[in-house]
1. I'd like the full set of residues that are at pLDDT below 80 and farther than 16 Å from Phe27 by Cα, limited to segment 80-95.
2. Quick check, is Phe38 over 21 Å from Ser77 (Cβ atoms), out of contact with any Leu (no Cβ under 6 Å at 6 or more places or on another chain) and aromatic (Phe, Trp, Tyr)?
3. Let me spell it out: the conditions are (1) closer than 24 Å to Phe32 by Cβ; (2) surrounded by 14 or more Cβ atoms within 10 Å (Cβ to Cβ), and Lys184 meets all of them except one. Which number is the exception?
4. I need the helices (runs of 4 or more DSSP H) fully contained in segment 13-129, keeping only those with at least 1 residues that are more than 26 Å from Asp186 (Cβ to Cβ).
5. Among (1) part of a helix (DSSP H, G or I); (2) among the aliphatic types (A, V, I, L, M); (3) within 21 Å of Leu81 (Cβ to Cβ), which single condition is Leu9 missing?
6. Could you look through segment 53-74, keep only residues that are of a type in the set (Val, Ile, Thr) and at pLDDT 70 or above, and pick out the one that is surrounded by the most Cβ atoms within 10 Å (Cβ to Cβ)?
7. For segment 143-186, name all the residues that are at positive phi and either without any contact (Cβ under 8 Å) to a residue 12 or more places away in the chain or charged (D, E, K, R) (or both).
8. Filter segment 4-43 for residues that are under 30 Å from Thr61 (Cα atoms) and of a type in the set (D, E, K, R) and give the result.
Amino acid sequence: MFLQRFFSLFYIILSFFSFFISLIYIFLIIEFKPVVDFMTLLIISAPLIFMLVSGFFLNMTFKLSIKKTKMIKYSNSIMILICILNLVILLVNNRYNEFSQKRWLEHEDKRVYMIGDLIQNYQLLGMDITEIYSFLGEPMMVDNNESKVLTYYLGNERGIIRIDSTVLELEFDENEVISNYRVKTD
């Protein structure tokens, strides 16, 4: 009897903790706009999976009363809804992570979210300056000295406290072909 009460109390505490973690996930997804991948989905669904497994274990081990079984079903249903809400918010926010030339040109402050997709899916190295100008628009700054660098403003750095600016620096060689790039936070 003591063990059953202990595990029931543990499950209730676990439910509140999982609920709290899921609410934090909602905030983090909205704030950081992570890329949708397997690891992100696994992290988002971890509290739900943990609750479902522990609820199943609790029910099978102690053959709980109907009242406690309903409590487990309700808390699992709430966690499933929160997990679905997290996934919807993640998918809606993911559209900001995909590079779009139109969004790049119109929303300079949102470029920081698109830079990962731009670097991963578009071959910047080897493009000449005229291609870069037609693809990314006018840079924020052009340095024609020894280093020959085009600088594009990406927006404020990702994070809760956004103090520093992030820029994309494209180095070009004497043939005016992009030879190197880097993302810098000032």
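The values are calculated or read from the model by the stated rules, or taken from the named source; none is laboratory data. Since this is a predicted model, take the numbers as computed values, not measurements. When we count neighbours, we look across all protein chains shown, and the Cβ atoms used for this are built from the backbone with ideal geometry, even at glycine.
1. Result: Arg95, single match.
2. Spelling it out, Phe38 is indeed over 21 Å from Ser77 (Cβ atoms), out of contact with any Leu (no Cβ under 6 Å at 6 or more places or on another chain) and aromatic (Phe, Trp, Tyr).
3. Of (1) closer than 24 Å to Phe32 by Cβ; (2) surrounded by 14 or more Cβ atoms within 10 Å (Cβ to Cβ), only one is false for Lys184: (2).
4. Details: elements: 38-62, 66-94, 101-106, 111-121.
Output list reads 38-62, 66-94, 101-106.
5. Going through the list (1) part of a helix (DSSP H, G or I); (2) among the aliphatic types (A, V, I, L, M); (3) within 21 Å of Leu81 (Cβ to Cβ), Leu9 breaks only (3).
6. Filtering segment 53-74 for residues of a type in the set (Val, Ile, Thr) gives 53, 61, 66, 69, 72.
With at pLDDT 70 or above added as a condition, the list becomes 53, 61, 69, 72.
Values: Val53: 10, Thr61: 11, Thr69: 14, Ile72: 21.
Only one residue fits best here, namely Ile72.
7. Of segment 143-186, the ones at positive phi are 148, 155, 159, 176.
If the condition is that a residue be at positive phi and either without any contact (Cβ under 8 Å) to a residue 12 or more places away in the chain or charged (D, E, K, R) (or both), then Lys148, Glu176 are the ones that fit.
8. Matches in segment 4-43: Arg5 only.
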